[in-house]
Each structure stands twice: as structure tokens, then as C-alpha cells.
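Undergrad: To start, I am sharing the structure in question, which I have written as C-alpha cells.
The values are calculated or read from the model by the stated rules, or taken from the named source; none is laboratory data. What you see is a predicted model, and the numbers here were worked out from it, not measured in a lab. Here the Cβ positions follow ideal geometry from the backbone for every residue, glycine too, while neighbour counts run over all protein chains shown.
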Amino acid sequence: MVVASTAIYSFTADFRHDDFCSLLRSRAVNIAKLVLDSYEFNPNQILRSGTEYPSRLPDEKFMILNYKNDTLYLSDRYWKLKGLNNIIGQVRSNRDALSKQDDYEVVGTTHNTGIYQFVVIGAAIDKNGLLHLKKLRNILIVVCLISLILFSIAGWFYSGRALKPISDVVEKVEEISITSLHLRVPEGNGHDEIGKLAKTFNKMLERLETSFAMQKSFIANASHELRTPLTSINGQMEVLMMKDRSADEYKSALSSVLEDIKSLIDLSNRLLLIARTSAEGPSSYSVDVRIDEILWQAQEEIMKFNPGYHINILPDDSVADSDSMIVKGDEYLLKVAVSNVMENACKYSPDNSVNVSFGCRDKMIELVFEDRGIGISEEDLNKIFEPFYRGANAISFSGHGIGLSLVNQIIKNHNGTIKISSQVGKGTKVMLSLPAVS
Ligand code: ADP
């Protein structure tokens with residue numbers, strides 16, 4: 001506003017000055033014509049001074065000089081023009097001169113009559129123009145001040161309104177801590193940028209809340225699973241210590257304690273593996289691993305500790321050569337995953353047996369583990385990948401409920417998929433697929 005107002009003022013001032021000066025110049029020339037036409041004159045001689053021509057411009061004064069710079073005509077005998085010689089010099093060299101003395105605009109020009117050239121100087125005050133200019137200046141100052149006040153109020157009001165959603169979000173975010181992750185930030189209308197930001201933030205809070213809840217239940221479950229064998233060991237030891245026992249009694253108590261310790265070791269190993277695999281996330285492994293060999297090794301190890309299990313491994317027709325069974329991965333983790341699925345199938349089947357078939361289709365290696373065991377109910381199927389979740393019909397079997405979540409994590413880390421289909425009382429089919437190298 002200030003820049004625009006200054007520009008308007010200075011353009012108007014320039015225009016007024018030019019306009020008035022050209023008016024004064026043409027008036028000066030007219031006066032010169034009148035004076036020089038009306039009198040018989042000798043160009044060397046001062047003609048007269050006077051105010052016989054009706055005044056048109058406020059406080060106008062004129063002066064006519066001959067080629068010797070003698071004054072021929074002076075409209076106001078008391079008029080003393082400062083720097084007259086300077087002005088005459090300018091007029092003689094440029095034909096025109098402009099200057100300002102006090103409130104007077106002074107113009108100088110030449111006027112020719114035949115062979116004589118005269119210098120005509122006019123001066124007047126542009127009272128009207130200056131008054132208008134002053135009024136314009138005052139109006140612009142007032143308009144600027146009023147605009148400043150209005151813009152300040154409007155800016156304060158609208159910026160407050162525009163920033164309110166942000167300050168609401170900030171206020172709410174400050175309230176949110178680890179114990180109040182259920183709180184959500186206001187989403188406003190949900191359509192503008194701030195609404196979208198708040199929505200995204202709420203989604204992130206939702207994910208945080210879920211993962212905190214999962215972590216909490218994981219810790220609670222893990223401590224529970226660790227405490228059970230420890231309490232059992234503690235109880236057995238206390239009973240054992242109450243009196244002297246026979247060697248057989250000590251032996252049987254110690255073997256039971258040993259079982260509990262094995263279970264503890266197994267559990268802590270799995271917990272460590274879960275922590276490791278979930279920290280790694282989907283990885284890009286560089287080592288070639290042959291899946292068929294993993295299957296044979298897993299079978300051998302399981303059979304060593306569970307001689308009653310039957311694990312039948314059969315390649316299907318799609319296996320052309322052993323090279324087609326190579327994946328990039330971690331041999332140890334893949335063996336853990338395969339063993340878990342095999343052991344589960346045998347554990348949850350009355351005949352303790354599982355049929356494992358493997359093949360390669362569309363650059364994916366597929367492993368299918370089929371058993372005729374207790375099966376998994378539809379409700380349990382959705383949850384068996386959650387850590388520590390155990391099927392309702394599996395409670396009578398030993399286990400901690402973290403095997404499948406570990407398998408799921410390992411397969412995901414190898415960019416593979418796991419699918420389970422099952423019918424209660426009939427059997428379960430677990431399908432693992434992993435990207436083949438060739
Ligand atoms: P665990 O076997 O120690 O209970 P898992 O994580 O390996 O833990 O399995 C989770 C649950 O999935 C088991 O408790 C069981 O209910 C179900 N499950 C897994 N595999 C089978 C299977 N082959 N047959 C029937 N149920 C199974």
C-alpha cells in the first residue's frame with residue numbers, strides 16, 4: 001500500500017508540475033505576443049511594465065527580455081527573480097528552462113518576431129494543483145493507515161483461524177504419552193492439508209498403539225511361559241529338600257527338572273530367534289541354500305530326538321534338478337522354520353506322521369506339509385501366527401505357541417509366503433513358498 005501510494009503521489013505530482021509548466025509556458029508566450037504586437041517598440045529600449053493583462057494563473061508574473069538581456073516588459077515591477085542570468089543562459093542554450101523559487105514555478109522560453117528573438121520568463125503559483133496534491137497526500141496517508149489497521153485485524157483474525165487446527169493438533173500431541181496412546185488428534189474437516197496430516201498422524205498412533213499392545217502382551221506371555229517351568233523347578237526342589245530321598249526318587253525328580261530346563265532353553269532360544277528375525281526385517285540374503293537338503297537335515301534331526309515320528313519327504317514332478325531348489329537365504333533360520341512345521345504336524349497327529357512334498361512352479365519353490373491330525377478351527381486359524389497363541393484343541397499338547405509366529409517371520413524375511421488350510425479332526429495342510437534363484 002505504501003509503495004503504491006508513493007507511486008500514485010509522485011506520478012500525480014509530476015503530472016501536475018508538467019501540466020502547470022506547459023500552461024505557464026503557453027501563457028508566457030501569449031503574453032509575449034500581446035505585448036510585442038501591441039506596442040511600437042524599439043528592441044533596445046525598455047517598453048513598459050504593468051499589469052494591464054487580466055491575470056489567469058494565481059500570482060502570475062512575466063518578464064520579456066531582448067537580445068541584449070534588457071527587460072522590455074515586467075508585469076510586476078517589484079518582482080525580483082533570483083538567478084535571472086542563469087535562467088537566461090539556460091533559455092538561450094536550450095530554448096527552455098524550468099526552476100522553482102519558493103512556491104513559484106518558473107518557466108523560461110524564447111519567442112521570435114521576425115529577426116528578433118526574445119526571452120520570456122513566467123512564474124506563478126499552482127495553488128489549486130498544490131492544494132489537490134496536498135489533499136491527495138492526506139487521503140493516501142489516511143487510506144494507508146486505515147488499510148494497515150484493517151489488514152492487521154484481518155490478518156490476525158484469519159491467521160488465527162487458519163492456524164487453529166495446527167495449534168489444536170500440537171496441544172493434543174503434547175497430551176499423548178506412552179500411557180495415553182488411545183488419544184487421537186482432531187482431524188478438522190479431514191480434507192485440507194492439515195486434516196490429511198492429522199489423519200496420517202492418527203493412523204500412525206493406531207499402529208503405535210497396536211504394536212505397544214502387542215509388545216506388552218508379548219512380554220506378559222513370555223514372562224508367564226518362563227515362570228511356569230521355573231516355578232515347577234522351584235517346587236520340585238523344595239519338595240525334594242524336605243527330607244532325605246532314595247536315589248531313585250532323586251533321579252526321577254532330577255529328570256523332571258531336566259525336562260523343565262530343556263523346555264526353558266528351547267523357549268529362550270525361540271524368543272531370541274523371534275527378536276533377531278523381527279529386528280532384521282525382510283532381508284536380502286546372498287547365500288545359496290538348497291531347500292531339499294534343508295528338508296532332509298530337518299527330518300534327520302527331528303527323528304533323532306523323536307524316533308516315533310514319521311516324516312515322508314517326496315519331491316513332485318516339477319523338480320527337474322537340484323539347482324531348481326536353490327533359494328537365497330539363511331540356512332539355519334530356514335531349517336528352524338521347516339523343523340517347526342514338521343514337528344507341529346507330527347505332534348498334533350495321532351499317527352505322528354507328516355507327508356512333505358516339494359516342487360518348483362513359476363520361479364517359486366513350494367513346500368507342502370500335510371498331516372491327518374487334530375486340525376485347527378476357523379477361529380484359531382486367524383490367530384495362530386500371533387506369538388503365544390495356542391489353539392483351543394492344542395492345550396493338552398506341550399508347546400509355547402511361538403513356533404508358527406517364528407516360522408511366519410522367517411518366511412517373510414525370505415520374501416516368501418505361508419498359507420494354512422485345516423479341518424478340525426481331519427488334518428492340516430501348511431504351504432510355504434519361497435522365491436527360487438533360477
Ligand atoms: P505350539 O505348537 O508350541 O503350540 P505353534 O506356534 O507352533 O505353537 O503353533 C500354534 C498353534 O497352531 C498350536 O498351538 C496349534 O493350535 C496350531 N497348530 C499348528 N500346527 C498345527 C498342526 N499341524 N495341526 C493342528 N494344529 C496346529
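Undergrad: What's the total number of residues in the stretch 242-262 that are closer than 21 Å to Arg227 by Cα, aliphatic (A, V, I, L, M) and either over 60 Å from the mean Cα position of the chain (by Cα) or assigned to a loop (DSSP other than H, G, I, E, B) (or both)?
TA: 2
Undergrad: Can you tell which of Asn382, Asn393, Asn415 is of a type outside the set (Val, Ile, Thr), within 9 Å of the ligand (Cβ to nearest atom) and surrounded by fewer than 19 Cβ atoms within 10 Å (Cβ to Cβ)?
TA: Asn393
Undergrad: Kindly check whether there is at least one residue in the stretch 193-210 that is outside any helix (DSSP H, G or I) and either at pLDDT 85 or above or farther than 30 Å from Arg270 by Cα (or both).
TA: No, because not a single residue in the stretch 193-210 is outside any helix (DSSP H, G or I) and either at pLDDT 85 or above or farther than 30 Å from Arg270 by Cα (or both).
Undergrad: Would you say Val354 is more than 10 Å from the ligand (Cβ to nearest atom), closer than 19 Å to Tyr309 by Cα, assigned to a strand (DSSP E or B) and touching a residue at least 40 places away in the same chain (Cβ under 8 Å)?
TA: When the stated conditions are applied, Val354 does not pass them.
Undergrad: Among the numbered conditions (1) within 16 Å of the ligand (Cβ to nearest atom); (2) over 44 Å from the mean Cα position of the chain (by Cα), tell me where Leu333 comes up short.
TA: Here Leu333 clears every test but (2).
Undergrad: Now a separate question. Report whether or not Ile410 is more than 12 Å from the ligand (Cβ to nearest atom) and either outside any loop (DSSP other than H, G, I, E, B) or aliphatic (A, V, I, L, M) (or both).
TA: The answer is yes for Ile410.
Undergrad: Please give the number of the condition Thr428 fails out of (1) of a type in the set (S, T, N, Q); (2) more than 10 Å from the ligand (Cβ to nearest atom); (3) surrounded by 22 or more Cβ atoms within 10 Å (Cβ to Cβ).
TA: (2)
Undergrad: If I go through the stretch 413-438 residue by residue, how many of them are part of a strand (DSSP E or B) and either without any contact (Cβ under 8 Å) to a residue 60 or more places away in the chain or of a type in the set (A, V, I, L, M, F, W, C) (or both)?
TA: 11
Residue-by-condition table, conditions (1) surrounded by 15 or more Cβ atoms within 10 Å (Cβ to Cβ); (2) within 17 Å of Ser438 (Cβ to Cβ):
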| position | (1), (2) |
| --- | --- |
| Leu267 | yes, no |
| Ala275 | no, no |
| Phe305 | no, no |
| Val319 | yes, yes |
| Leu334 | yes, no |
| Ser339 | yes, no |
| Glu343 | yes, no |
| Tyr348 | yes, no |
| Gly359 | yes, yes |
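Undergrad: Here's another thing I want to ask about it. Considering only the stretch 396-407, state which residues are over 36 Å from the mean Cα position of the chain (by Cα) and either surrounded by 15 or more Cβ atoms within 10 Å (Cβ to Cβ) or within 6 Å of the ligand (Cβ to nearest atom) (or both).
TA: Passing the criteria: Gly399, His400, Gly401, Ile402, Gly403, Leu404, Val407.
Undergrad: Moving on to the next point. Quick check on the stretch 280-291. Is at least one of its residues surrounded by 18 or more Cβ atoms within 10 Å (Cβ to Cβ) and of a type in the set (A, V, I, L, M)?
TA: Within the stretch 280-291 (the criterion being surrounded by 18 or more Cβ atoms within 10 Å (Cβ to Cβ) and of a type in the set (A, V, I, L, M)), the answer is yes, since at least one residue qualifies.
Undergrad: From the list Phe388, Phe369, exactly one residue is surrounded by fewer than 17 Cβ atoms within 10 Å (Cβ to Cβ) and either within 9 Å of the ligand (Cβ to nearest atom) or not hydrophobic (A, V, I, L, M, F, W, C) (or both). Which is it?
TA: Phe388
Undergrad: Go through Leu314, Leu367 for me and flag whichever is modelled with pLDDT under 95 and not acidic (Asp, Glu).
TA: Leu314
Undergrad: Regarding Ile384, is this residue in a loop (DSSP other than H, G, I, E, B) and in contact with a helix residue (DSSP H, G or I) (Cβ under 7 Å, 6 or more places away or on another chain)?
TA: Taking the combined requirement at face value, the residue satisfies it.
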